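This report concerns only the one structure given below.
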Amino acid sequence: MTTIEGHGGTLALRALQKAGVKELFTLSGGHIFPLYDAAHEAGFPLYDVRHEQTAVFAAEAVAKLTRRPGVAALTAGPGVTNGVSGLTSAYFNAAPVLVLGGRAPAFRWGSGSLQEIDHVPIVQSITKHAATVGALEDVPTAVRHAIEASLTPHRGPSFLDFPLEVMFSTGEAPEPQAPTVDIIEPDPGEVAKAAEILGNAERPVIIAGSDVYASDAAGALKEAAEALGVPVFANGMGRGVLPPEHPLAFAKARRAALSGADVVAVVGTPLDFRLSFGDFGSARVVHIVDAPSQRAQHVSVAASPAGDLRQILLGLSQGVRREHADWVSKLREAENAAADKHAAEMAAETELIKPARVYGELRKVLDRDAITIGDGGDFVSYAGRYLEPAMPGTWLDPGPYGCLGTGMGYAMGARVTHPDRQICVLMGDGAAGFSLMDVESLVRQQLPVVIVVGNNGIWGLEKHPMRAMYGYDVAADLQPGLRYDTVVQALGGAGETVSRAADLGPALRRAFDAGVPYLVNVLTDPDDVYPRSANLA
Ligand SMILES: Cc1ncc(C[n+]2csc(CCOP(=O)(O)OP(=O)(O)O)c2C)c(N)n1
Ligand SMILES: [Mg+2]
């Protein structure tokens, strides 16, 4: 057996490299110095941040965008607990994230060392695998197992912590092996059943979610949709799975589609609140998931193939095909009518800027492969409505966990993985409070991004519903007109405030040309209420 030698940090880093990890996101703490030492020795990229949640969100963005493990190193105790929301977000989003934690020494456990707390029970319910590495020679294997757990569908985060003496001691360990991920073979009978139901449908609809991108199954989905002639809608990272100009690509006719369909095939996303919990009236539901654990328990479906999404989609495309050109053209009419309405909203001249206009102007300056990131309430709901991602894997929203504060972390992860693309964060002014300090990290490490703040001076997604419910609201106001652009300037970036719609386009162009983090602080109409039917359930 070949072995390698070094301290815990070296052994861990070698295992990460073997697994294709390309960078570490971190915030300093003595418990994890050996990881830094190893990275320093190896010339391995380290990106450091001002709040641990940013490090984990950055790792999550890397994992979501690239499908390879995204890794954050957090110091013992508060470092790890500050990463808990990020881990939970990765868990909900099936992102293969690995968090490496420092840990108080095992030999003195219980005596009250600095930051001594057992992290594993805290993160157990929000990870696929969580463990303490008990001995130096176990480090490479432990890292490999954690990464294998993260990469195996249904993907998700893993956590390892390293007691101080394991991290700092030196010794030999087996040479790290590359992780292997087994393909989950779908049950052919269940695939045939799904193919039969979808192929015989009169008014079928496909909804493609994030796991279609995570499984690299966009091509297979396109083939299946084209073979069967089925209209495709998308959510999460599935958005853009068909380019907007594709005759089967739909986004705005969702209501007409879901109320009129006789079969709805949901691929690679849970039947959660975003999809009315899988209740589409009288339509039969086919739920296609990447692992048996993801089959919906709360609703009975007509078929639910589970496993490798490419194989399942290939199976669907080989099924029967029924003609439904009428159905598709009926939906196209609804889509076109909604698109006309949206176009008018995006161009409307109003005294106070409406979010719709911001997106109207933004669409003119965004490249086809731009990565757009949503962090906020109503302002991000509008982004979902008005932006049309042209490629899958270019839209990052917080997903069903809905955690505010992903903005600068996702931006950092996106910039690191795509140095040449436009990266644009769409932020509510409330959301800005969670991560804007990390503009400093972006400036210092030369990671330019554009931040567009929809500044309505309120927690809009809470204020308007509370008013509707109670007739008044509390705890929902922010300072109106606050200069988030000067905050970014103070941190070394640049920016400007825009209060007239005519100034939006030039401001956005300046932002993308700036070469530094640039915040366009758009003062928007606080009385604009997002047309929302449900808020909490
Ligand atoms: C960490 C976290 N805290 C609180 C919430 C609840 N929440 C959801 S949307 C929202 C308002 C967001 O306000 P803002 O970012 O200004 O966007 P707006 O709705 O005003 O466009 C709040 C407080 C949440 N989702 N996540
Ligand atoms: Mg707001």
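Just so it is clear, none of the values below were taken in a lab; they were calculated from the coordinates. These figures come from a predicted structure and were not determined experimentally. Virtual Cβ from ideal backbone geometry, glycine too; neighbours counted across all protein chains shown.
How big is the Kirkwood radius of segment 401-537, worked out from every pair of different alpha carbons and given in Å to one decimal? Spell out each step's value before the answer.
On the way: mean 1/r = 0.0638 Å⁻¹.
Taking every pair of different Cα atoms in segment 401-537, averaging 1/r and inverting gives 15.7 Å.
Show the residues, 5+ positions off or on another chain, whose built amide H is closer than 5 Å to the amide H of T132.
D161
I want to check the label-to-label distance for Q479 and E137. Put each point 7 Å from Cα in the C-beta direction and report it in nm to one decimal.
Rounded to a tenth, the inter-label distance reads 6.0 nm.
If we count every other residue with Cβ under 9 angstrom of D211's Cβ, Lys/Arg +1 and Asp/Glu -1, where does the sum land? Please list the in-between numbers first.
Values: positive: R155; negative: D290.
So the surrounding residues net to 0.
Please give the charge dipole size of the chain, origin at the Cα centre, charges +1 on K and R Cβ atoms and -1 on D and E Cβ atoms. Round to the nearest 20 debye. Walk me through the numbers before you get to the answer.
On the way: 44 positive and 61 negative charges, 152 e Å.
About 740 debye.
Compute the longest continuous run of the chain that contains no exposed chymotrypsin sites (Phe, Trp or Tyr not before Pro); treat a site as exposed when its DSSP state is not H, G, I, E or B and it has at most 16 other Cβ atoms within 10 Å. List each step's numbers first, then the result.
Details: sites that count: F107, W109, Y472.
With a cap of 16 other Cβ atoms within 10 Å, the longest stretch comes to 110-471.
Enter the per residue convex hull volume of segment 3-174, computed from alpha-carbon coordinates, in Å³ rounded to the nearest integer.
On the way: hull volume 15.5 nm³, N = 172.
Considering the Cα atoms of segment 3-174, their hull volume per residue is 90 Å³.
Jot down the per residue volume, in cubic angstrom and as a whole number, of the convex hull over the alpha-carbon atoms of segment 280-368.
Details: hull volume 18.9 nm³, N = 89.
Dividing the Cα hull volume of segment 280-368 by its residues yields 213 Å³.
Indicate the gyration tensor shape class of segment 188-330 (rounded, prolate or oblate), computed on the Cα atoms with a ≥ b ≥ c the square roots of the eigenvalues: a/c under 1.5 is rounded; otherwise a/b larger than b/c is prolate and the rest oblate.
It comes out rounded by the Cα gyration axes.
Normalised by the number of residues in segment 348-523, what is the relative contact order in percent for Cα pairs under 8 Å and 6+ residues apart? Kindly include the intermediate steps, with their values, before the conclusion.
Working: 334 pairs, mean separation 43.0, N = 176.
Relative contact order, segment 348-523: 24 percent.
Determine the shape class of segment 442-495: with a ≥ b ≥ c the square roots of the Cα gyration tensor eigenvalues, call it rounded for a/c under 1.5, and otherwise prolate if a/b is greater than b/c, oblate otherwise. Could you put the intermediate results ahead of the total?
Numbers: a/c = 4.18, a/b = 2.99, b/c = 1.40.
Prolate, since a/c reaches 1.5 and a/b exceeds b/c.
Kirkwood Rh and Cα-based Rg: tell me the resulting Rg over Rh for the chain, rounded to two decimals.
In the chain, Rg relative to Rh is 0.99.
Would you check the chain for Lys pairs whose C-alpha atoms are within less than 28 Å, ignoring same-chain pairs closer than 8 in sequence, and give me the count?
25
Give me the net charge of L504's neighbourhood, meaning all other residues with Cβ under 13 Å from the Cβ of L504; Lys, Arg count +1, Asp, Glu -1.
+3
Rounded to whole Hz and in sequence order, give me ³J(HN,Hα) for segment 501-512 from the Karplus expression 6.51 cos²θ - 1.76 cosθ + 1.60, θ = phi - 60°, writing x for Gly and Pro.
For segment 501-512, the Karplus-derived couplings read 4, 5, 8, 5, x, x, 5, 5, 5, 4, 4, 6 Hz, x marking Gly and Pro.
Once you have the Kirkwood Rh of segment 93-134 from its Cα pairs, apply Stokes-Einstein at 20 °C and 1.002 mPa s and quote D in µm²/s.
Value of D from the Cα-based Kirkwood radius: 181 µm²/s.
When the scattering of segment 149-258 is computed by the Debye formula from its Cα atoms alone, each counted once and equally, what is log10 I(q)/I(0) at q = 0.18, 0.19, 0.21 Å⁻¹?
The Cα Debye sum returns log10 ratios of -1.02, -1.10, -1.25.
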